[in-house]
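K.L.:
Here it is: the structure, laid out below.
The values are calculated or read from the model by the stated rules, or taken from the named source; none is laboratory data. Predicted model only: the values in this text are computed from it and were never measured. Cβ coordinates were reconstructed from backbone atoms using ideal geometry, including for glycine residues, and neighbour counts include every protein chain displayed.
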Amino acid sequence: MNDGSTTNPDFRCGYIAIVGRPNVGKSTLMNVLIGAKVSITSRKAQTTRHRITGIQTSEDAQFIYVDTPGFQTRHANALNKTLNKTVSNTLTAADVVLFIVEAGVFGAADQQVMDLLPKNVPAILVINKADRMKDKAQLMPFAQKVAALHPFAAVVPVSAKMRFQVDSLEKEIRNWLPRNEPIFGPDDITDRSEKFLAAEIVREKVFRNSGDELPYTSTVLVEKFEQEGNLRRVFAAILVERDSHKAMIIGAKGARLKEISTAARLDMEKLFGGPVYLEIWVKVKSGWADNEAGLRAYGYE
Ligand SMILES: Nc1nc2c(ncn2[C@@H]2O[C@H](COP(=O)(O)OP(=O)(O)OP(=O)(O)O)[C@@H](O)[C@H]2O)c(=O)[nH]1
Ligand SMILES: [Mg+2]
């Protein structure tokens with residue numbers, strides 16, 4: 001993947017782990033930093049379930065971001081244990097850590113993630129959703145309060161959604177990256193396959209188009225992915241726990257499944273840069289999130 005040596009002796013390259021409790025905006029921020037949507041986002045917790053690499057290469061640096069699942073503190077099932085292992089493993093391989101919190105909110109779940117931060121790796125405190133803070137004068141005191149809890153390398157308030165201060169954050173990250181040749185090619189944006197990204201896109205639409213009544217234990221499996229010239233053909237199964245969940249996803253006269261399918265196809269066409277034929281069906285498969293074999297079968301590491 002290496003695209004050869006650069007002539008800049010100050011070229012920087014390294015791995016940047018993005019960690020934080022669920023829903024603070026880790027994936028939204030990574031997508032904004034790399035300028036492409038490789039990690040799915042939604043207002044529901046547990047949207048990210050895998051380690052997802054997002055790569056951005058500039059004149060003088062290659063940023064290899066690693067988005068992680070929100071650290072789970074509520075239930076201790078096999079899926080959540082796997083998600084948390086992903087977070088810990090990512091931290092051990094990072095050159096820089098972005099610890100994300102939400103402006104004005106710091107609780108036990110944030111503290112638990114802070115306790116995981118490795119001592120010998122620079123960690124930047126990123127205060128996201130700054131746009132949400134109604135009283136802007138509260139931002140500084142909040143930043144100071146959280147900054148006092150850990151020896152952070154830097155503190156940067158941002159809004160991933162409004163793209164506020166994202167450039168400053170990138171500059172700050174570069175300062176802490178090691179001098180290194182690039183590891184990936186200049187146009188690479190992720191190390192994940194299109195088949196994997198297709199499954200994630202369908203899962204995002206399931207999360208976004210279904211109400212809170214749909215439990216998080218639904219997942220998506222791409223059973224077939226074919227490419228013929230510029231056309232991709234994607235055959236995906238949405239796996240749910242119960243018949244009632246299946247009915248929920250299909251909707252009246254299949255209306256909801258149609259919405260999910262159209263939205264997913266449009267996103268895939270944008271990301272892959274060509275037409276996509278997408279077929280989706282819904283299957284009932286209970287208990288997959290509770291055992292290791294089920295998790296492995298559906299691609300959880
Ligand atoms: N107002 C506001 N909302 C944001 C911002 N960044 C993210 N969000 C919203 O916060 C919600 C969660 O965003 P995600 O990026 O999926 O959060 P996450 O931390 O990756 O969540 P998990 O993967 O579940 O841990 C979504 O509804 C986003 O649109 C921001 O800067 N401002
Ligand atoms: Mg996420």
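K.L.:
What number of residues within region 242-260 satisfy the criterion of being surrounded by 19 or more Cβ atoms within 10 Å (Cβ to Cβ) and within 23 Å of Ala36 (Cα to Cα)?
P.N.:
1
K.L.:
Looking at Asn77 and the list (1) of a type outside the set (Phe, Trp, Tyr); (2) away from ligand 1 (no atom under 12 Å from the Cβ); (3) closer than 19 Å to Asp167 by Cα; (4) touching a helix residue (DSSP H, G or I) at 6+ places or on another chain (Cβ under 7 Å), which single condition is not satisfied?
P.N.:
(3)
K.L.:
Taking interchain pairs and intrachain pairs at least six residues apart, which have beta carbon atoms under 8 angstrom, with the first residue in region 157-183 and within 16 Å of ligand 2 (Cβ to nearest atom) and the second of a type in the set (Phe, Trp, Tyr)?
P.N.:
Close Cβ pairs (under 8 Å, with a partner that is of a type in the set (Phe, Trp, Tyr)) amount to Val158/Phe164.
K.L.:
Residue under question is Ala93, and the condition is that it be buried (at least 17 other Cβ atoms within 10 Å of the Cβ) and either in contact (Cβ under 8 Å) with a residue 24 or more places away in the chain or within 29 Å of Ile189 (Cα to Cα) (or both); does it hold?
P.N.:
It is false that Ala93 is buried (at least 17 other Cβ atoms within 10 Å of the Cβ) and either in contact (Cβ under 8 Å) with a residue 24 or more places away in the chain or within 29 Å of Ile189 (Cα to Cα) (or both).
The rows are residues; the columns are (1) within 14 Å of Leu83 (Cα to Cα); (2) assigned to a loop (DSSP other than H, G, I, E, B); (3) not polar (S, T, N, Q).
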residue: Ala17; (1), (2), (3): no, no, yes
residue: Val24; (1), (2), (3): no, yes, yes
residue: Ser27; (1), (2), (3): no, no, no
residue: Met30; (1), (2), (3): no, no, yes
residue: Val38; (1), (2), (3): no, yes, yes
residue: Thr47; (1), (2), (3): yes, yes, no
residue: His50; (1), (2), (3): yes, yes, yes
residue: Gly54; (1), (2), (3): no, no, yes
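K.L.:
Next question, about the same structure. Got at least one residue in region 135-147 being without any contact (Cβ under 8 Å) to a residue 40 or more places away in the chain, crowded, with 18+ Cβ neighbours inside 10 Å and assigned by TED's automatic domain parsing to the domain that holds Arg163?
P.N.:
Looking through region 135-147, at least one residue is without any contact (Cβ under 8 Å) to a residue 40 or more places away in the chain, crowded, with 18+ Cβ neighbours inside 10 Å and assigned by TED's automatic domain parsing to the domain that holds Arg163.
K.L.:
Hey, among Leu214, Leu239, which residue is buried (at least 19 other Cβ atoms within 10 Å of the Cβ) and either modelled with pLDDT under 90 or touching a Ser or Thr at 6+ places or on another chain (Cβ under 7 Å) (or both)?
P.N.:
Leu239
K.L.:
Kindly provide the set of residues from region 175-196 that are buried (at least 16 other Cβ atoms within 10 Å of the Cβ) and under 25 Å from Asn128 (Cα atoms), ordered by number.
P.N.:
Those that are buried (at least 16 other Cβ atoms within 10 Å of the Cβ) and under 25 Å from Asn128 (Cα atoms): Trp176, Leu177, Ile189, Thr190.
K.L.:
How many of the residues making up region 69-108 are within 16 Å of Lys145 (Cα to Cα) and over 17 Å from the mean Cα position of the chain (by Cα)?
P.N.:
6
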